[in-house]
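Shown next, in structure tokens, is the structure this report addresses.
FYI, it's all coordinate maths here, none of it is from the lab. Not measured: the values here are computed from a predicted model. A quick note on method: Cβ atoms are made from the backbone with ideal geometry, for glycine too, and the neighbour counts reach across all protein chains shown.
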Amino acid sequence: MSEYILELKGITKTFPGVKALDDVYFKLKPGEIHALMGENGAGKSTFIKVITGVHAPDGGEMFLGGEKVRFRDPTDAQKAGIAAIYQHVTCYPDLSVTENIFMGHERVAKGTKRLLWREMHEEAGKLLRELGASFSPKTQMGALSVAEQQIVEIAKALSVQAKIIIMDEPTAALTNSESEELYRIAERLRDQGTSIIFISHRFEDMYRLASQVTVFRDSRYIGTWQVNEISNADLIVAMVGREIAQLFPKKEAKIGEEVLRVEGLGRTGYFADVSFSLRKGEILGLTGLVGAGRTEVCQAIFGVAPPDKGRILYQGREIAIRDPLQAMKRGIGYLPEDRQKQGLVLQWEIGRNITLSSLEKLSSRGTIRTRKEREFAKRLAEKVGVKARSVFDLASSLSGGNQQKVVFAKLLTADLDVLILDEPTKGVDVGAKSAIYEIIGELACAGYGILLVSSEMPEIIGLCDRVAVMREGRIAAFLDRREMTQEAILRASMADEAPNDAQRRGELA
Amino acid sequence: MEPRVIADRREFSLRGFFLQWEWMLVVLFVAINVMNVNLSEFYWDFDNLRDATMGFLDKAFIVLPMVFIIILGDIDISVGSIVALSSVIMADLYNHGVPMPLAMAICLAVGALCGYINGLLIVKFKELSAVIVTLSTMIIYRGVAYILLKDQAAGKFPEWFGFLGWDYVAGVPFILIVFAVFAVAFGYLLHRTTFGRRVYAMGSNPTASRFSGVRTDRIKIVVFTLAGLMAAVAALFLTSRMGSTRPNIAAGYELDVIAMVVLGGVSTAGGKGRMAGAILAVFLIGYLRYGLGLVNVSAQTMLVIIGLLLIFAVMIPKLRLGRAIRR
Amino acid sequence: MKNRGRIALASETAETAETVAAGGASAAAPKRSASANIAKFRELGLLAFIVLLSAGVQLRNPSFLTWENINDIATNTAILSILAVGMMLVIVTRGIDLSIGATLALSGMIAALTVKQYPGANPALALLIGVGIGLACGAVLGFLVSKVRILPIIATLGMMNVFRGLTFEASGGKWVSAHQMPDSFKAIATGKLLGVNHLILIAVVIYLVAYFFVNHTRTGRQVYAVGSNPESAAISGIRTGRILGLVYTVMGGLSGLAGVLWVSKFASAQGDTASGYELSVIAACVLGGVSIAGGSGKISGIVLGSVLLGILNNALPMIDVSPFWQNWIQGMIILVAVLVNALVKRGIDRNHLMRRRI
């Protein structure tokens, strides 16, 4: 019997065109909460999928309780006592809570194979009560809030008597009190001898819970430390790879007059009372925890899901935007959060992707001018530095960073004044990241007003002139460059007291 | 940013050129003709072939917009019913004293309206698939035709109306000329215009299209309206050829039309396919039917053949060989 | 421990947590699943509608609620609801089957031809043959949908024509009519056991088996899991392909059974038997609350849906509605039912959003 319940050595996993994991190590003791940290795209999610048997690694070894194991599919991992709670809850919304808990390991009567509903309901109820939940196990899953669904997922892990529970950003979509509830549950599980791998972007999560922390960066293993032995700054360096200041070439854009002003914007169930103003050449950050409503605000301004309250003023005039085309005609562009689903037509060539949003300009009376289109695409692709042989290369063949550059090129085709960039460096390697920062800097210098949504604090601090921090659908605070520190941003995005109204409105004056 | 040169000229590849779905259709087309010639001595006769072509072209009009619909990743199984409804309304109006040209115009308007209703429902109720929406309108439209005409036939059209389906202009069937004009127009619309480009974009990635400023709802409505309109055009020619109409005409057209489009290389997953392939498939199936008809293969056997053809056409791309072929 | 001091948040939040947690629990307590309530309400509503409709028709035509007519409705509904059970399973997995009318005709025809050839044969043999052919047809579809991954609509549309064509081929375009069938065969549908018509008995047995299957077996629940979230189903180790293959095969088997019952009941097998009947079956399902988006549907719902449709089909001629209206009415029923289902779903989602109190 080894000292470690789970040990992974030299794990490597390659996807077409991307090395998702490169020689990664990990050790987990029984009854330990082990934090796994790293930026977006550092390989954490892939790593988890290897542990849970969703992906088979290309190289490396995995030991469970000292014995070498190889999972062919998720069922193998489940049988071995490994359960995962994913970032986005993967449930069956049409089925009851009990069924969600017992899916895959239902209780059946011996012989008749009949499902033992009463037994399952009772046990589900017991598990839920233990976890402090107040809803009935017969409730339909789809009717629960995200936090409640997460509790169901934990109950599911408990019901298989998992020895190892993996929590992939479980607090991302939770409010503060809900997170606290989760911490308590995690601690209790730990005390009962369960090992927990805890993945989070939030330092508090780690400090509050974990005793060990392992850091990944750019698909590689960086190191493992005792949580109380590594300083915050060192940890950030480990995650980011260099001092923050290095990454961001300092540009000095001239900040001009106001281009966009949002007053009291709200959409039921997503966000409320959002007000800010944006000036030419300014980079306004918009941050907060995932699920705080940042993307929803952007998409409301861009007309994807129009707001039901409030006003949007563009260059001083109130405008109504009902769909993205109108937004673009007004001069507002949006770089979506999920470039593969929202930004690109992956199975198309680069050129067509670039010109999709500006076909009007490249056609006469509805007919596309092919030659003109190609030259146009070529010019823009070169301008943002896409690494490709020709404009006919398929978007799907590019790396994440280059795909993102194509989406940037797409934005540059239109006559815009306001750019909304939603997580522009998500899942992009470090080299491409700095290239994208450079592009953003140049755009600001060129006079665009930029609204930058990001979860990565170094990015916000390094790039933005001001930052608005959102919490639970509202803007909790505005911070200017002097006030912008990781701590201040975190405090604003997590604090429980009501946001200061004066502070919120004051920034608009 | 370091300057980098990106080519904007495509390298020509002979292999890529021949590995196109349309070549496979051409080969099949030749094979069918060779088979038909061997089956029946009457097949290879210019007049016969020409007249046979007039017989199957009516549904070809619906193939044109159906290509758009399937590229969008949707489907429309109500087209046969729209043919019946617009034809029945035209006949009914004419028999109640409405002048024929006006009745014909109303026929087209009814078709377009039916298509518009389909499109509107699909766009307003995104949680419903086009399958279920057009399935219910399929029943409803034909239901209206039955309500209007009961079980009867209506006809006695003016003599000149027969011209549409039966006459020639300079030796070329009129229906073929009209079809050629529409085929070129739809091909141009799909492959050369911003509209067509947006249709492809929507079929490949509807969300990204919307985020790129494509008015997805409007395009979808236009495409379904076009399908209704072309179904009404088909109704004009079909009614002209038959000389009268009944509520049960054009039953099963949706299958034929979808089979032709899919055989033409348009992927049911959306985003892929070309107009030329679908038009080739129209003639391929048309001549196959005609040839088999000459040797007295029954209409029922034909059903089996078309059904199997549809299944095989969607199966081929899923096989390894098929994946290499560009569509 | 130097970094602990830098973020003092943890201790702060811990203090407030208790009070908030208490508040959260009390807010959570009164909520009952809104969608569950609506589902219950839907069935009660359907039942109420059936009662009202029957009463209304009875006022117009007193021969409606006679024993004879009720029996007639019940036997007609029996076949419809047997098919609806299979269709429900298919729709729950997000599929659709347009070929069942043709499958029904094919197996009914083959069974009829068999008894015509061998009048002395046991009628059970005819049933077996019918079900067997149905199973085979369904298995082909299941293969096409689950293994070849053809869209259900395309696969079933294509095979519908194949099966229909084969029916004509098998019969040479001729009918098998009443006098060519032995009485023992016709007795399958007309006979009674303990005073209850066979058809009704068979249908009830099928409801019970299906009820047990969907609610009390692992495989049955997996059908719902696959329809509710196919990706999760794959991750949690459910063999999606096998489930899909299974539902289409079951659907085929039930169509085969219905084919024999149909031919026996109407004492005639034709090439175009039950042409377009799949649409009635789909209508019964959506009326019964089966969601076209997959993942939900109840046996009790589709039975009520079938009964309502059966009553409508029987009642319309009785209150002098022209048979030519029936097509239209059926189409409107499907359309309105799916639209209402969609709107109800939207209402539920909106409720969930309101509860977030942002």
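Approximating the spin labels as points 7 Å out from Cα along Cα→Cβ, the A:ARG379-to-B:MET35 distance works out to 5.4 nm.
Counting lysine pairs in chain C whose alpha carbons fall under 30 angstrom apart, excluding pairs fewer than 8 residues apart on the same chain, gives 17.
Seen against the Cα atoms of chain C and their longest principal axis, helix C:34-60 is set at about 30 degrees. Helix C:123-146 and the longest principal axis of the C-alpha atoms of chain C enclose an angle of approximately 40°. Label 7 Å along Cα→Cβ of B:GLN152; the range B:69-96 residues with amide nitrogen under 20 Å? Only B:84-96 fall inside the zone, counting backbone N under 20 Å. For A:GLY223, the amide hydrogen comes within under 5 Å of the amide hydrogens of A:VAL215, counting only partners 5 or more places away or on other chains and with H modelled in the peptide plane. Across the range C:76-88, computed HN-Hα scalar couplings (Karplus, 6.51 cos²θ - 1.76 cosθ + 1.60, θ = phi - 60°) run 5, 5, 4, 5, 4, 6, 4, 5, 5, 4, x, 5, 4 Hz from first to last residue, x flagging Gly and Pro. Measuring r between the beta carbons of C:LEU201 and C:ALA48 and using R0 = 22 Å, the FRET efficiency lands at 0.20.
Between B:GLY143, B:GLY115, B:GLY273, find the one with the highest GNM mean-square fluctuation for chain B; connect C-alpha pairs within less than 10 Å. Result: B:GLY143 has the largest fluctuation of those listed.
Other chains near A:354-362: what is the mean number of their Cβ atoms within 10 Å of each residue's Cβ?
Mean partner-chain Cβ count within 10 Å for A:354-362: 4.
Eigenvalues of the alpha-carbon gyration tensor of chain C, scaled by 5 and square-rooted, set the equivalent ellipsoid semi-axes at 46, 26, 17 angstrom, largest first. Normalised by the number of residues in the range A:83-148, the mean separation of alpha-carbon contacts (under 8 Å, six or more apart) gives a relative contact order of 43 percent.
Only alpha carbons enter this Debye calculation for the range A:288-406, each as an equal point scatterer, and the log10 of I(q)/I(0) it gives at q = 0.11, 0.16, 0.17 Å⁻¹ is -0.46, -0.89, -0.96. Taking amide H positions as modeled 1.01 Å from N, with prolines and chain starts lacking one, the residues under 5 Å from A:VAL453 and 5 or more places away or on another chain are A:LEU286, A:LEU421, A:ASP422, A:GLU423. Could you list the residues of the range A:125-158 with an amide nitrogen less than 11 Å from a label point located 7 Å from the Cα of A:ARG107 in the Cα-to-C-beta direction? Correct set: A:125-127.
Working note: Karplus 6.51/-1.76/1.60 with θ = phi - 60° gives the range A:366-383 the couplings x, 8, 6, 8, 4, 4, 4, 4, 5, 5, 4, 5, 4, 4, 5, 4, 5, 4 Hz, where Gly and Pro are set to x.
Per residue of peptide B:138-149, the mean number of Cβ atoms on other chains within 10 Å of the residue Cβ is 6. The modelled label-to-label distance between A:ILE255 and B:LYS318, using points 7 Å beyond Cα along the C-beta direction, is 5.9 nm. Of all aspartates and glutamates in the structure, the ones whose alpha carbon falls short of 18 Å from that of A:LYS361, not counting any fewer than 8 places away in one chain, are A:GLU373, A:GLU375, A:ASP415, A:ASP417. Relative to the longest principal axis of the Cα atoms of chain A, helix A:176-191 runs at roughly 30 degrees. Among B:ASP58, A:ASP218, sorting on how many other beta-carbon atoms sit within 10 Å of each Cβ, with the fewest leading, yields A:ASP218, B:ASP58. Only lysines eight or more places from A:LYS156 in sequence, or on another chain, were considered; those with a Cα closer than 18 Å are A:LYS49, A:LYS79, A:LYS126, A:LYS138. Distance between the C-alpha centres of the range C:314-329 and the range C:97-121: 29 Å, rounded to the whole angstrom. What is the set of long-range amide H partners of B:LEU19 at a cut-off below 5 Å, with H atoms built 1.01 Å from backbone N? Under 5 Å from the amide H of B:LEU19: no residue qualifies. Rg ratio for the range A:6-241: its Cα radius of gyration over 2.2 N^0.38 Å, N being its residue count, equals 1.03.
Sites listed here are trypsin sites (Lys or Arg not before Pro) in the range B:1-73 whose DSSP assignment is loop and whose Cβ has at most 15 other Cβ atoms within 10 Å: B:ARG4, B:ARG9, B:ARG10.
Here is what passes the span test in chain B: the DSSP H helices with alpha carbon length of 18 Å or more along the helix axis and a Kyte-Doolittle mean of 0.0 or above are B:21-39, B:46-71, B:79-95, B:100-124, B:130-149, B:174-192, B:216-242, B:275-294, B:299-315.
Take the Cβ atoms of C:ALA121 and B:ALA170, set R0 to 60 Å, and the FRET efficiency comes out at 0.35. Measuring between their Cα centroids, the range C:74-93 and the range C:176-195 lie 23 Å from each other.
Straight-distance candidates among the lysines for linking to A:LYS405, with alpha-carbon spacing under 16 Å and chain neighbours fewer than 8 residues away dropped: A:LYS341, A:LYS378, A:LYS383, A:LYS387, A:LYS426, A:LYS433.
Site-free segments of chain A were taken between GluC sites (Glu not before Pro) in DSSP loops having at most 10 other Cβ atoms within 10 Å, sites themselves excluded; the longest one is A:4-251.
Taking chain C as a Gaussian network, where each spring joins two C-alpha atoms under 10 Å apart, which residue of C:SER322, C:SER177, C:SER255 fluctuates the most? Highest fluctuation of the listed residues: C:SER322.
3J(HN,Hα) along the range A:301-309: 5, 7, x, 5, 9, x, x, 9, 9 Hz, from the Karplus curve 6.51 cos²θ - 1.76 cosθ + 1.60 with θ = phi - 60°, whole Hz, x for Gly and Pro. Estimated from the Cβ-Cβ distance and a Förster radius of 56 angstrom, the FRET efficiency linking A:LYS309 and A:LYS126 is about 0.80. Whole-percent P(r), chain A, all Cα pairs, 20 Å bins from 0: 21, 51, 26, 2.
Start at zero, step by 20 Å, and the Cα-Cα distances of the protein assembly as shown spread as 10, 35, 36, 16, 2 percent across the bins. Per residue of the protein assembly as shown, the DSSP helices (runs of n ≥ 4 H) give a summed -39500 (n - 2.57) that works out to -18000 deg cm²/dmol at 222 nm.
Among the residues of A:72-84, the average count of other protein chain beta-carbon atoms within 10 Å of the residue beta-carbon is 1. Say we join alpha carbon atoms closer than 10 Å with springs in a Gaussian network model of chain C; which of C:VAL57, C:VAL196, C:VAL85 then has the biggest fluctuation? Looking only at C:VAL57, C:VAL196, C:VAL85, the biggest GNM fluctuation is shown by C:VAL196.
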